[in-house]
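A short worksheet on the structure shown next.
Please treat every number below as a calculation from the coordinates, not as lab data. Small disclaimer: the values here were computed from a predicted structure and weren't measured. Because the Cβ atoms are built from the backbone with ideal geometry, glycine has one as well, and the counts that use them run over all protein chains shown.
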Amino acid sequence: MVKKIAATEVLEEKLANARANSDAIATSEPRATRAFYDPYLGMIIVFLSNKCMFGFPSDVGQGLAGASVKDLAEVEVTPSGEGLHWKTLDVDLSIPALMNGIFGTKKWMAELARKDGSSTSAAKSEASRLNGTKGDRPGKESERR
């Protein structure tokens, strides 16, 4: 019985410390207070506890690409305000990570980078054509002599 009471007291003390740490972090780091999907912009918009807001394109969030407007609209802010959750999609994203430009796992981010690097545009095509008219790359200094 004495061991059970001691263990309970230790757990209660740890819980109190965890709550105090959480409260301290909540006042020093912005937390999400509200989030929604804007179908016109194709973006998830997040309001923060510091009265700022930010948004990101839904297709860059891991697990959100290709999701329906209905599913994207069902975004929830986690109770701690540290994350976003889509129950129907089984997706969770971290607010601190999103604010640092991290939209998923390392593998997901590598795939996003690969896709961005291989994108084509009129400007990219024109720049490539212009560079092609300049001829080959200049040789090394020793080759030019």
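Descriptive notes on the structure:
- Each label was represented as a point 7 Å from its Cα along the Cα-to-Cβ direction; for ALA73 and LEU15 these points are 3.9 nm apart.
- Note that the stretch 7-113, at 20 °C in a medium of 1.002 mPa s, gets a Stokes-Einstein diffusion coefficient of 143 µm²/s from its Kirkwood radius over C-alpha pairs.
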